[in-house]
Structures are given as C-alpha cells and as structure tokens.
Amino acid sequence: QVQLVESGGGLVQAGGSLRLSCAASGLTFSSYAMGWFRQAPGLEHEFVAAITWSGGNTHYQDSVKGRFTIYRDNAKNTVYLQMGRLKPEDTAAYYCAADPKWLVLEPDEYDYWGQGTQVTVSS
C-alpha cells in the first residue's frame, strides 16, 4: 500500500532552520506531484508548498516564499521541505501529500497523505 512518512520535525528557536523529509513507497513517485501542508491546533490544513513530478516547477504560499524551499529526489522517492528563518507562527504539524495532478492547492483533492511531523518554533 502507499505510505508517506514524514520526518525531521522538532523544536527550534525563531530564526532557525529545519529540513523536513517525506519518504514515499508503494507508488510510482515520479508520477506524483507532491505537496506540503501544515495544521496548527484548531485550524484547517493550510497549503505550504508544492512541486511537480520532475521537480521543475514549484509553488509556495506567500507567507513562506523566500524562507522555505521544496525539492525532491526521485531516485530516493523523497520530497523535502527546507525551512529557514522560522517564525513562531510556523508552528504546526506538517504533512506531505501526493497527487498525480498539478497544481492542487486544496487538501481534500490529494490522493495520499502522511501522518505528519510536528514543528515547534519558540520565540
């Protein structure tokens, strides 16, 4: 079956950096666009970033542009989210998702989801 497994979350001070990873199995990874979402307590899933099947195109939420970078390694079936200049408002559970279509911004439209990894940014 399809599995998406996130890792790399943790506690970091404001201004710091983290790199999240999402390892995929059970699907033809290069046939799926990948997205990162986040969910803070009491809020809905929020789109963060997405990347096309080959990695040639990316899309970001305005609040993370210039601070976050999404990239992928199809040989390793892994997508990454490099996060820099972190802010307390970036605190959330971060999820990766997979869908064969581009560009999908609505979480309900993604076919597969990971279990999430927590990112906490202290001020």
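Label K87 and D108 with points 7 Å out from Cα along Cα→Cβ: what is the distance between them in nm?
2.9 nm
For segment 1-80, which GluC sites (Glu not before Pro) are in a loop by DSSP, counting at most 14 other Cβ atoms within 10 Å?
Those satisfying the criteria are E44.
Please compute one quarter of the surface area of the Cα convex hull for segment 1-67 and express it in square nanometres.
5.8 nm²
Could you check the simple spin-label distance between S54 and N74, using points 7 Å along Cα→Cβ, in nm with one decimal?
Reported label-point gap for S54 and N74 is 0.7 nm.
Tell me, what ³J(HN,Hα) does each residue in segment 24-34 have, in order and in whole Hz, if you take phi through Karplus 6.51 cos²θ - 1.76 cosθ + 1.60 with θ = phi - 60° and put x for Gly and Pro?
Rounded to whole hertz, the list is 10, 8, x, 9, 7, 4, 6, 9, 10, 6, 10.
Whole angstrom only: what separates the Cα centroid of segment 1-74 from the Cα centroid of segment 81-123?
Taking the Cα centre of segment 81-123 as reference, the centre of segment 1-74 is 5 Å away.
May I ask you to compute the full-extension gain from Q39 to R19, defined as 0.36 nm times their residue separation minus their alpha-carbon distance, rounded to one decimal in nm?
The Q39-R19 span can extend by a further 5.5 nm.
Sequence gap at least 6, Cα distance under 8 Å: using those rules, report the relative contact order of segment 2-123 to the nearest whole percent.
Normalised by residue count, the contact order of segment 2-123 is 36 percent.
Where does each of 83-95, 26-38 land if you order them by average Cβ count within 10 Å, highest first?
26-38, 83-95
So, with a 1.4 angstrom probe, what is the percent of accessible area on segment 14-123 that is carbon and sulfur?
47 percent
Heavy-atom accessible area of W53 with all protein chains present, probe 1.4 Å, nearest 10 Å²?
90 Å²
If the viscosity is 0.692 mPa s and the temperature 37 °C, what translational diffusion coefficient in µm²/s does Stokes-Einstein give for the chain when Rh comes from Kirkwood over Cα pairs? Can you show the working numbers first?
Numbers: Rh = 14.1 Å.
Reported coefficient: 232 µm²/s.
Search the structure for amide H atoms under 5 Å from the amide H of T91, placed 1.01 Å from N in the peptide plane, and list their residues when 5 or more places away or on another chain.
Correct list: V121.
Specify which residue in the list G26, G84, S7 is farthest towards the positive end of the charge dipole of the chain, using unit charges on the beta carbon of Lys, Arg (+1) and Asp, Glu (-1), about the Cα centre.
Sorting the options by dipole projection puts first G84.
Treating cross-link reach as a plain straight distance, find the aspartates and glutamates whose alpha-carbon is under 20 Å from the alpha-carbon of K87, omitting any fewer than eight places away in the same chain.
Reachable aspartates and glutamates: E44, E46, D62.
The values are calculated or read from the model by the stated rules, or taken from the named source; none is laboratory data. Everything numeric in this text was worked out from a predicted model, so none of it was measured. Counting neighbours? That spans all protein chains shown, and the Cβs are built from the backbone with ideal geometry, glycine included. The area values use the complete protein model at the heavy-atom level, side chains included, leaving out ligands, DNA and RNA. Shrake-Rupley method; radii C 1.70, N 1.55, O 1.52, S 1.80 Å.
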